[in-house]
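Heads up, the thing below is written out as structure tokens.
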Amino acid sequence: MAKKKNKPVCKECHNQGYVVARNGEYAYAEVCKCVSDCNDCDGEGFILKENQRGYSYLEKCTECSSTRLRVKRYNKAQIPSKYYKILQADSLIPKDKSHYAALSYAKEDFVDKFPFNRGFILMGPSGVGKTHLAIGTIAELTLKKGVNCMFKDFFFLLNELKKAYSDGVAENDIISPLVETEVLVIDELGKGKSNEWEINILDQLISKRYNSSKKTLITTNYISKDKLNKGSHTTEILEDRIGERISSRLYEMCELYLLEGRDYRKENSANPNN
């Protein structure tokens, strides 16, 4: 029996099936030409077949339909274009001993075993890699497993809601996609005025995700009370920003990790992708 020939390595995507680049506000993935040139379906994603009764029907092309779905899920995640090169959970290079536990959990427990573990909260000062790790996690989930994910900066979410009110758009039109997605990253939790309206919005979002057992990933410059005496330079308390009710639910939904270290952004100011 003749051996199946190995597929030649694509110079564009290295046989990943997709390429990722900047596209305005968000990172954007495209199906590589090597997939579009699929010999099985001519790049259509479907194959015309005929059953025993002579009826024709369309069947998904196993060669490339999975790639198309994963690319679609990545683009739906709204990952900021700044982070377009971050494609996997373990892409963060640890520069402090506090990073290893969070990296291990994100890759080995959360991504590799999805959906069987809790989400996570990354706490600590600015520039230590919290957003990098959260984005790497959902980039890998979308591009490798086709999981529905979404990234949302909490401060931007509040601005979107304010604009929606002024434009006559229903609040639920903004909140529903965040509730329904399988994995949601809330970046910069606690940023803002923390007034009653902001707390109510957050409470609504977290409560709905909590009740539907959805996975949530959080980054914040604030710290939980139980991590305060661990030698952290961060002293502002998360519970004081979002309240005991919301924080209690988040702590049940997520593993907590404190990331320390030097500010990457200051060290790598010449490289905007770090």
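The values are calculated or read from the model by the stated rules, or taken from the named source; none is laboratory data. Since the model is a prediction, treat every value here as computed from it, not as a measurement. Neighbour counts are summed over all protein chains in view; Cβ atoms, including those assigned to glycine, are modelled from backbone coordinates with ideal geometry. Surface accessibility is based on the protein's heavy atoms, side chains included, excluding ligands, DNA and RNA. Shrake-Rupley method; radii C 1.70, N 1.55, O 1.52, S 1.80 Å.
A Cβ distance below 7 Å, combined with a sequence gap of six or more or placement on separate chains, defines the contacts here; from segment 250-271, residues that are over 10 Å from G119 (Cβ atoms) and modelled with pLDDT under 85 reach residues that are assigned to a loop (DSSP other than H, G, I, E, B) and hydroxyl-bearing (S, T, Y) in the pairs D263/S126.
In the set (1) under 25 Å from E236 (Cβ atoms); (2) free of Cβ contacts under 8 Å to residues at least 60 places away in the same chain, Y165 fails one condition alone, (1).
Of the residues examined, S98 is one that is small (G, A, S) and more than 14 Å from the chain's Cα centre (by Cα).
Take the conditions (1) open to solvent by 10 Å² or more (accessible area, probe 1.4 Å); (2) more than 20 Å from Y83 (Cα to Cα); G119 misses just one of them, which is (1). The sole residue among L184, L178 that is at pLDDT 95 or above, in a helix (DSSP H, G or I), under 19 Å from V147 (Cβ atoms) and not basic (K, R) is L178. M150 meets the conditions (1) closer than 24 Å to K85 by Cβ; (2) in a helix (DSSP H, G or I); (3) open to solvent by less than 30 Å² (accessible area, probe 1.4 Å) in every case but one. The failed one is (2). If the condition is being closer than 18 Å to I242 by Cα and open to solvent by less than 60 Å² (accessible area, probe 1.4 Å), then segment 196-217 contributes E198, I199, I201, L202, D203, Q204, L205, I206, S207, R209, T216, L217. Filtering segment 10-55 to residues that are modelled with pLDDT of 90 or more, assigned to a loop (DSSP other than H, G, I, E, B) and either open to solvent by 100 Å² or more (accessible area, probe 1.4 Å) or β-branched (V, I, T) (or both) leaves K11, E12, H14, E25.
Regarding A139, is this residue part of a helix (DSSP H, G or I), open to solvent by 50 Å² or more (accessible area, probe 1.4 Å) and among the hydrophobic types (A, V, I, L, M, F, W, C)?
On the way: part of a helix (DSSP H, G or I): yes; open to solvent by 50 Å² or more (accessible area, probe 1.4 Å): no; among the hydrophobic types (A, V, I, L, M, F, W, C): yes.
No.
Is at least one residue of segment 113-123 touching a residue at least 40 places away in the same chain (Cβ under 8 Å), under 24 Å from M253 (Cα atoms) and part of a helix (DSSP H, G or I)? No, segment 113-123 has no match at all. Would you confirm whether any residue within segment 92-105 is touching a strand residue (DSSP E or B) at 6+ places or on another chain (Cβ under 8 Å), among the hydrophobic types (A, V, I, L, M, F, W, C), surrounded by 16 or more Cβ atoms within 10 Å (Cβ to Cβ) and closer than 15 Å to K145 by Cβ? No.
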